[in-house]
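Notes to accompany the following structure.
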Amino acid sequence: MKWLVSITALLSFGLWATGYGYILKGVSMTYLVGRSGPGIDEKDSFFNDTLFASETPYSWKHPSTKNTSTLSASQLEQLESIQTASFLVIKNERLILEQYWSHFNKNHPTNSFSAVKSLVSLLIGIAKEDGLIVSLDERVGKYLAEFNTAGKERITIRHLLTMSSGLDWHESGANPFSDAAGAYYGSNLDQLISSLTAVDAPGKEFSYQSGNTQILGLLIEKITGMSIAKYAEKNVWKKIGAEHDAYWNLDKKEGRAKAFCCFYATPRDFAKLGQLILNKGVWNQQQIVPEKYVDSCFIPANLNCNDEPLIKYGLHWWILNYKGFDVHYARGISGQYIITIPSEKIVILRTGWERGTVDSAGHPSDIYNYINIALGLTREMNA
């Protein structure tokens with residue numbers, strides 16, 4: 001026992017001394033509680049910045065009783081097999097299906113993980129409309145001094161939005177020594193971002209990096225003089241009639257928001273972000289996000305991806321064509337999805353603990369199931 005304690009203490013000291021002390025927190029929040037990775041219900045394990053609900057909350061309308069939809073046994077099996085927490089389908093701004101599993105319900109906020117990256121993109125569009133940003137092709141160094149040296153001075157806002165900054169960020173969610181793990185469990189995001197170096201020319205190759213979104217978060221806070229949570233609250237959250245408070249995890253008390261992830265909200269409120277996109281940035285007859293910017297989010301960036309032209313990603317939003325339908329969506333690592341099918345006026349919201357394997361086209365396999373279910377339900381309603 002003495003040897004075990006000594007070895008544990010030595011390992012712990014070594015991790016702290018080498019800048020990997022956050023791994024201890026990661027272990028305590030995962031393996032010591034029977035998990036192998038981050039969870040969707042860890043809000044209170046971190047400090048948070050709160051986005052307060054709207055003073056004029058919007059409640060989803062429901063269809064007539066005869067158009068109420070239910071899931072088949074096989075659809076339920078599909079959803080349950082990867083630990084779905086919530087599944088909502090909205091058609092023509094009416095909630096035609098809403099189902100929850102385990103202890104989750106319509107009032108329970110869960111983690112967005114990377115799905116919130118798409119909200120950060122909308123905030124950039126709003127800031128540009130407000131004149132706080134002149135162009136997406138401006139250098140980031142104009143606003144953040146640490147991006148004025150060592151090759152980083154070539155990085156533009158567009159490079160960050162299109163995941164083509166050329167920085168040396170290591171994204172792996174499985175490697176505890178990766179930058180992604182350090183950003184999630186660590187307590188000094190500013191230091192982590194400042195330590196990044198430029199290793200490739202920006203604007204050439206698509207390389208998905210959460211660090212790009214974190215830099216956008218820093219930029220938003222710099223140009224607005226507000227925390228990103230408060231800027232989102234003022235310009236989006238309250239305007240879309242959020243019924244519940246939302247929470248953005250911080251790296252420490254009164255610290256920096258994890259702009260790349262860790263936004264906690266209820267399923268119905270998350271779905272409103274999808275409806276906002278479907279409405280081309282309009283909510284309640286008010287243009288919240290510029291229509292031109294919304295449209296630009298779904299134009300594939302002019303980049304290479306695995307030696308082929310990029311077709312799956314725009315400005316922090318994923319792009320898919322499935323069965324002839326254009327699909328736009330936000331996604332998180334554990335199967336958090338805000339999916340829109342514009343031609344069908346459909347919004348799909350899914351939260352959960354797992355997602356399917358990413359296929360050769362760059363899309364998780366489970367997303368096709370959600371689209372099929374939604375299209376099937378709407379066909380039944382129209383039959």
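The values are calculated or read from the model by the stated rules, or taken from the named source; none is laboratory data. The structure presented is a predicted model; accordingly, all values stated were derived computationally and were not measured. Neighbour counts are summed over all protein chains in view; Cβ atoms, including those assigned to glycine, are modelled from backbone coordinates with ideal geometry.
Tell me which of these Phe206 doesn't satisfy, since it passes every other one: (1) out of contact with any strand residue (DSSP E or B) (no Cβ under 9 Å at 6 or more places or on another chain); (2) more than 28 Å from Met226 (Cα to Cα).
It fails just one condition, (1).
Need pairs with beta-carbon distance below 7 Å; first residue small (Gly, Ala, Ser) and within region 276-294, second part of a loop (DSSP other than H, G, I, E, B); sequence gap 6+ or separate chains.
Gly281/Ile288; Gly281/Val289; Gly281/Pro290
Pairs, please: C-beta under 9 Å, at least 6 apart or cross-chain, first residue more than 19 Å from Asp251 (Cβ to Cβ) and of a type outside the set (A, V, I, L, M, F, W, C) and in region 164-186, second part of a loop (DSSP other than H, G, I, E, B) and at pLDDT below 90?
Correct list of pairs: Ser172/Ser178.
Filter region 253-299 for residues that are closer than 24 Å to Gln209 by Cα, touching an Asp or Glu at 6+ places or on another chain (Cβ under 9 Å) and among the aliphatic types (A, V, I, L, M) and give the result.
If the condition is that a residue be closer than 24 Å to Gln209 by Cα, touching an Asp or Glu at 6+ places or on another chain (Cβ under 9 Å) and among the aliphatic types (A, V, I, L, M), then Ala257, Ala259, Ala265 are the ones that fit.
Taking the criterion of being in contact with a strand residue (DSSP E or B) (Cβ under 6 Å, 6 or more places away or on another chain), part of a loop (DSSP other than H, G, I, E, B) and either of a type outside the set (Val, Ile, Thr) or surrounded by 19 or more Cβ atoms within 10 Å (Cβ to Cβ) (or both), would at least one residue in region 258-265 satisfy it?
Yes: region 258-265 contains one or more residues that are in contact with a strand residue (DSSP E or B) (Cβ under 6 Å, 6 or more places away or on another chain), part of a loop (DSSP other than H, G, I, E, B) and either of a type outside the set (Val, Ile, Thr) or surrounded by 19 or more Cβ atoms within 10 Å (Cβ to Cβ) (or both).
Just to verify a result, which residue in region 197-222, among those that are in contact with a helix residue (DSSP H, G or I) (Cβ under 6 Å, 6 or more places away or on another chain) and of a type in the set (A, V, I, L, M), is nearest to Glu153 (Cα to Cα)?
It comes out as Ala198.
State yes or no: is Ser86 surrounded by 21 or more Cβ atoms within 10 Å (Cβ to Cβ), closer than 21 Å to Ser227 by Cβ, in contact (Cβ under 8 Å) with a residue 24 or more places away in the chain and not basic (Lys, Arg)? It would help to see each step written out before you state the result.
Values: surrounded by 21 or more Cβ atoms within 10 Å (Cβ to Cβ): yes; closer than 21 Å to Ser227 by Cβ: no; in contact (Cβ under 8 Å) with a residue 24 or more places away in the chain: yes; not basic (Lys, Arg): yes.
Here the answer is no, as Ser86 does not meet what is asked.
When you scan region 89-111, how many residues do you find that are loosely packed, with under 15 Cβ neighbours inside 10 Å, under 22 Å from the mean Cα position of the chain (by Cα) and either without any contact (Cβ under 8 Å) to a residue 24 or more places away in the chain or part of a strand (DSSP E or B) (or both)?
1
The rows are residues; the columns are (1) under 16 Å from Leu219 (Cβ atoms); (2) of a type outside the set (Val, Ile, Thr).
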position	(1), (2)
Leu97	no, yes
Lys117	yes, yes
Asp137	yes, yes
Thr156	yes, no
Leu160	yes, yes
Asn175	no, yes
Gly182	no, yes
Tyr185	no, yes
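Identify all residues within region 160-211 that are more than 14 Å from Lys258 (Cα to Cα), of a type in the set (A, V, I, L, M, F, W, C) and at pLDDT 95 or above; write none if there are none.
Across region 160-211, the qualifying residues are Leu160, Leu161, Met163, Leu167, Trp169, Leu196, Ala198, Val199, Ala201, Phe206.
With Gly362, Gly335, Gly352, Gly314 as the choices, which residue is surrounded by 19 or more Cβ atoms within 10 Å (Cβ to Cβ), in contact with a Lys or Arg (Cβ under 6 Å, 6 or more places away or on another chain) and of a type in the set (Gly, Ala, Ser)?
Sole residue among the options that is surrounded by 19 or more Cβ atoms within 10 Å (Cβ to Cβ), in contact with a Lys or Arg (Cβ under 6 Å, 6 or more places away or on another chain) and of a type in the set (Gly, Ala, Ser): Gly335.
Answer yes if at least one residue in region 376-383 is at pLDDT below 95, more than 25 Å from Tyr264 (Cβ to Cβ), surrounded by 15 or more Cβ atoms within 10 Å (Cβ to Cβ) and aliphatic (A, V, I, L, M), and no otherwise.
yes
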